[in-house]
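This report refers to the structure that appears directly beneath it.
The values are calculated or read from the model by the stated rules, or taken from the named source; none is laboratory data. Since the model is a prediction, treat every value here as computed from it, not as a measurement. Cβ coordinates were reconstructed from backbone atoms using ideal geometry, including for glycine residues, and neighbour counts include every protein chain displayed. Note: accessible area is taken over every heavy atom of the protein model, side chains too, but ligands, DNA and RNA are not part of it. Shrake-Rupley method; radii C 1.70, N 1.55, O 1.52, S 1.80 Å.
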Protein chains: 2
Amino acid sequence: MRARPLCVVSVDAVVEGTHFRLDDGSATPAEVGARALGAALSDLAAMGASAGEAYLALGLPPQLSEGDALALVSGAQALAHAGGAIIAGGDVVRSPILSLSVTVVGWAEHERELVGRDGARAGDLVGVTGALGGAGAALAAREARAADAAGAANSAGDSPALERAPLPTPRLAEGRALAALGVHAMIDLSDGLATDAAHIARASDVRLRLELERLPLGERVAETCRALERDPYELAASAGEDYELCFCAPSELREAAEAAVAEAGATRVTWIGEVLDAAPNGAGVSLFAGNRSEVRLDGFEHSWQ
Amino acid sequence: MRARPLCVVSVDAVVEGTHFRLDDGSATPAEVGARALGAALSDLAAMGASAGEAYLALGLPPQLSEGDALALVSGAQALAHAGGAIIAGGDVVRSPILSLSVTVVGWAEHERELVGRDGARAGDLVGVTGALGGAGAALAAREARAADAAGAANSAGDSPALERAPLPTPRLAEGRALAALGVHAMIDLSDGLATDAAHIARASDVRLRLELERLPLGERVAETCRALERDPYELAASAGEDYELCFCAPSELREAAEAAVAEAGATRVTWIGEVLDAAPNGAGVSLFAGNRSEVRLDGFEHSWQ
């Protein structure tokens, strides 16, 4: 196809058994296609690029029906259409298990349209788009139900918990608007806020101080967590697959960033913290909860420092 | 990265158990990496594009050692380097089986530098680069040895057969030179000459008449086939993974095409047939052997018509 001056590329692979299961009804083929494409497009959104062409490499097991294979591609197609991308090709091969690898190409006219992870500076505000924890709460509820079914004592099985993770909505227009405005650093939330914010911190050699209770919770995350007896803010900070954007902007861009995101689409900015010098604790992320001191999330320390 | 005006993309996926086996010693991790990248680059070669960036999506099973995973990437890296491509990114995920999906981006300055499959015309000569049948003969010898080991009566186990398929050498410089010269149609031989030539025939609505005994046989293909009691030319016409180029050129380009390929690299052109009108038999491929009438290869009819 005819190229534009700058090309960026993102690759996301998902494999049955590692990233999703079809056999327990927790994912449909259409969702598998949509999630894989959503993850790759979200990465382009965080760079401020426009989505271009997507290429699918599909490994199909013999027991997957043709209808399911078509549903998977349709799921990817629907998400591509919503994001302005076109599925331009790929490869289909036989495989013992279902796998899908998505490569998306994004474009920009000028380097100044794009943003990386390494420009955050002390004094910047930290913002996120949308709401967090939806996919994580659905996963936690599913795991609790599975534990119930296995005979463990847990009341979550009867709770009004989230049934399914919301589908990703890559924030492409928001990402382009924020990048064009000149935010200093941006990343998409695929692995969870604590992990992904630490990528910005390390790349920029700064510390991000985030206020847990400022995190915007997704729909029904609070009630699901109540039923599961979990802290919803800790879940929202640690769970993955939100596919929202986290960015660092100088404080004078506060109103402009809010306006740009509001104009771009169907979501808004929430300011969740600030950027500090890396010293004395080194580059990383610090989470604070209200008047309490620093919060440590189990299993996440390794990615913060 | 900074783009050039025209962008073409090729995707190739390979999956353990479908495309290769590591457990019987028939492929090493380095070969798996090299073959997957070679297949994708070969497709760019057939378009006349220059190789740009390659992206690897790697599904790694727990039992694969870190050394084997690195060897796989090194195998791909070596082939990328030889073809002028750079491995620019990708994704690594856990998977029950080893899988590798390669997306390569190719570039061109002008549309006239590129060639498709749909321009072949009656009167064109049909040429191929390099030699055919090497990968197919190695596969046939391996299958015969496996049958021997299973107790079948077959003398091929003691024959001086090809031990391993040669690694692909994508004909990138040759493809660019032929496309620049103005050949009418081109394809790379991944699935086998009979199958791939039929893609040109159908896209161009012509019939390709190929002379079996003019096919250039790869090193040791003839002796391997003798030991296996197979016709080497039929094997060379039907077996895949040669990754040579097949092209259709007007007869006035004969010497220029030979010179362009000779200058471009380490191989030469062999003329193997001619392009006829599709009527009376429809678009497709006809194979002729010496004075004998038309040859039908078992299992290949479906792809010819």
Exercise for review: Heads up, I need the accessible area for A:Arg35: 1.4 angstrom probe, whole protein in place, Å², nearest 10.
Suggested key: 50
Review point. Relative contact order for chain B: what is it in percent, counting Cα pairs under 8 Å that are at least 6 residues apart?
Key: 24
Study note, to complete from the structure: Expressed in µm² per second, the diffusion coefficient of the range B:5-46 from the Stokes-Einstein equation, with Rh the Kirkwood radius over alpha carbon pairs, at 4 °C and 1.567 mPa s, is 113
**Study point:** DSSP-defined antiparallel bridges as percent of all bridges, the range B:38-175, nearest 5
**Key:** 50
**Study point:** Longest to shortest principal axis, alpha-carbon extents of the range B:31-93, angstrom
**Key:** 40, 19, 15
Practice item. Using a 10 Å cut-off on Cβ to Cβ distances, tally the other chain neighbours for every residue of A:99-109 and report the average as a whole number. Key: 5
Exercise for review: Please report, as a whole percent, how much of the solvent-accessible surface of the range B:57-199 comes from carbon and sulfur atoms (probe radius 1.4 Å).
Suggested key: 53
**Study point:** Distance (nanometres) between label positions extended 7 Å along Cα→Cβ at B:Asn281 and A:Asp205
**Key:** 7.1
**Study point:** Calculated label separations, A:Asp277, copies of the chain, 7 Å along the beta-carbon direction, nm
**Key:** 8.5
Check your understanding: How much accessible surface area, in Å² rounded to 10, belongs to the heavy atoms of B:Ile87 with a 1.4 Å probe?
Key -> 50
Revision key, fill the gap. Between chains B and A, total accessible area buried, probe 1.4 Å, no ligands or nucleic acids, nearest 100 Å², roughly 2400
Check your understanding: So what is the relative contact order of the range B:195-305, in percent, for Cα pairs below 8 Å that sit 6 or more residues apart?
Key -> 48
Exercise for review: Read phi for every residue in the range B:225-238 and hand back ³J(HN,Hα) as whole Hz from Karplus 6.51 cos²θ - 1.76 cosθ + 1.60, θ = phi - 60°, with x for Gly and Pro.
Suggested key: 5, 4, 4, 8, 6, 10, 6, x, 6, 5, 5, 5, 7, 10
Revision key, fill the gap. Between A:Glu263 and A:Ala78, the FRET efficiency computed from the C-beta separation at R0 = 30 Å comes out, to the nearest 0.05, as 0.80
Check your understanding: Can you give the mean number of other chain Cβ atoms that lie within 10 Å of the Cβ atoms in peptide A:4-11?
Key -> 6
Practice item. Once the label point is placed 7 Å from Cα along Cβ, list for A:Gly84 the distances to the corresponding points in the other copies, in nm, shortest first. Key: 3.3
Exercise for review: Return, for the Cα atoms of the protein assembly as shown, the radius of gyration and Dmax in Å, separated by a comma.
Suggested key: 27.7, 93
**Study point:** Against the rule of thumb 2.2 N^0.38 Å, how large the Cα Rg of chain A comes out
**Key:** 1.01
Practice item. Provide, as a two-decimal number, the C-alpha radius of gyration of the range A:1-135 over 2.2 N^0.38 Å, N being how many residues it has. Key: 1.17
Check your understanding: What is the distance, in nm, between label points placed 7 Å from the Cα along the Cα-to-Cβ direction at A:Glu219 and at B:Ala147?
Key -> 6.2
Check your understanding: If r is the Cβ-Cβ distance from B:Arg121 to B:Thr18 and R0 is 41 Å, what FRET efficiency results, to the nearest 0.05?
Key -> 0.65
Revision key, fill the gap. Zone reached by a paramagnetic label modelled 7 Å from B:Met1 Cα along Cα→Cβ, restricted to the range B:74-97 with backbone N below 19 Å, covers B:74-92
**Study point:** Accessible area of the range A:184-282 divided out per residue, in Å², using a probe of 1.4 angstrom
**Key:** 42
Check your understanding: Just from its helices, what would the mean residue ellipticity at 222 nm be for chain B, if runs of 4 or more DSSP H residues each count -39500 (n - 2.57) and the sum is divided by every residue, rounded to the nearest 500 deg cm²/dmol?
Key -> -10500 deg cm²/dmol
Practice item. Over the range B:61-214, calculate the relative contact order: mean separation of alpha carbon pairs under 8 Å at least 6 apart, over the residue count, as a percent. Key: 30
